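Novice: The structure's right below; bear with me while I get my questions together.
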Amino acid sequence: MTALILKLDIGGQPMSWISWEDAAVHYAKDQVAWTLGEKPQRFFGGVNRMRNERSYLDIHPVIAVRGNMKHSKFTAVPPMNNRELFRRDRHTCLYCLKEYSDKKLTRDHVIPASRGGMDVWTNLVTACRRCNQHKAARTPEEANMTLHAVPYTPNYAEWLILKNRKILADQMSFLQSLCPERTQWWK
Ligand SMILES: [Zn+2]
């Protein structure tokens, strides 16, 4: 799998992961303002028959693209889904502290949905099926269960880390510089 390219706006705020093909389009349109990372990945294009040379393009792991500064995603709350939630909690049930595969994990509402608990990062934790069933429509206190970590909303840089399983070193160090202390263990 080819690593994705981290796209920033021209001010250096992370925007999204894009394919190298999409990055190549930004290079071709001369929209790449600056780049980060020492080692670009080299992608080969077609062969030029006249000169019998193969064309190529060097794409840096992090590219800042001109335009698109109006709607910065950085301050928005990142969308919630189970994959990123389980990764936030390191695939660990926050009640019994055991690690499980995705299939055996569920999303638990700390304050149950039936009691007005919302579908937001700060009310959702990773729980194994057994703990979730045991807790049922109760708060942890009512169920006499200990919640071992306080659920938090990842910032946009953390969320980009959670989204992508193959992150290059230059990309990771850039994103980590924008993360609060709590996420420094994501290496
Ligand atoms: Zn559990």
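Rule-based calculations on the coordinates, nothing more; no lab input. What you see is a predicted model; the values in this text were computed from it and never measured. Positions of Cβ are backbone-derived with ideal geometry, glycine not excepted, and every protein chain shown enters the neighbour counts.
Novice: Test ALA149 against the criterion of being within 16 Å of the ligand (Cβ to nearest atom) and under 25 Å from the mean Cα position of the chain (by Cα), and give yes or no.
Specialist: It is true that ALA149 is within 16 Å of the ligand (Cβ to nearest atom) and under 25 Å from the mean Cα position of the chain (by Cα).
Novice: I would also like to ask the following. Does region 26-52 hold any residues that are over 26 Å from SER173 (Cβ atoms) and either touching a Pro at 6+ places or on another chain (Cβ under 8 Å) or in a helix (DSSP H, G or I) (or both), and which are they?
Specialist: Across region 26-52, the qualifying residue is only ALA28.
Novice: State all residues of region 92-111 that are away from the ligand (no atom under 13 Å from the Cβ), buried (at least 17 other Cβ atoms within 10 Å of the Cβ) and in a loop (DSSP other than H, G, I, E, B); if no residue qualifies, say none.
Specialist: VAL110
Novice: Is it the case, given these coordinates, that ALA143 is within 14 Å of the ligand (Cβ to nearest atom) and more than 29 Å from MET172 (Cβ to Cβ)?
Specialist: For ALA143, the condition - within 14 Å of the ligand (Cβ to nearest atom) and more than 29 Å from MET172 (Cβ to Cβ) - is met.
Novice: A further question follows. Specify which of the listed residues (LEU85, LEU175) is buried (at least 19 other Cβ atoms within 10 Å of the Cβ), within 16 Å of the ligand (Cβ to nearest atom) and assigned to a helix (DSSP H, G or I).
Specialist: On inspection, the qualifying residue turns out to be LEU85.
Novice: If you don't mind, another one. Six or more apart or on different chains, Cβ atoms under 7 Å: show the pairs whose first residue is in region 119-131 and more than 17 Å from VAL150 (Cβ to Cβ) and within 10 Å of the ligand (Cβ to nearest atom) and whose second is part of a helix (DSSP H, G or I) and not polar (S, T, N, Q).
Specialist: Every condition considered, the pairs that remain are CYS128/LYS104; ARG129/LYS104.
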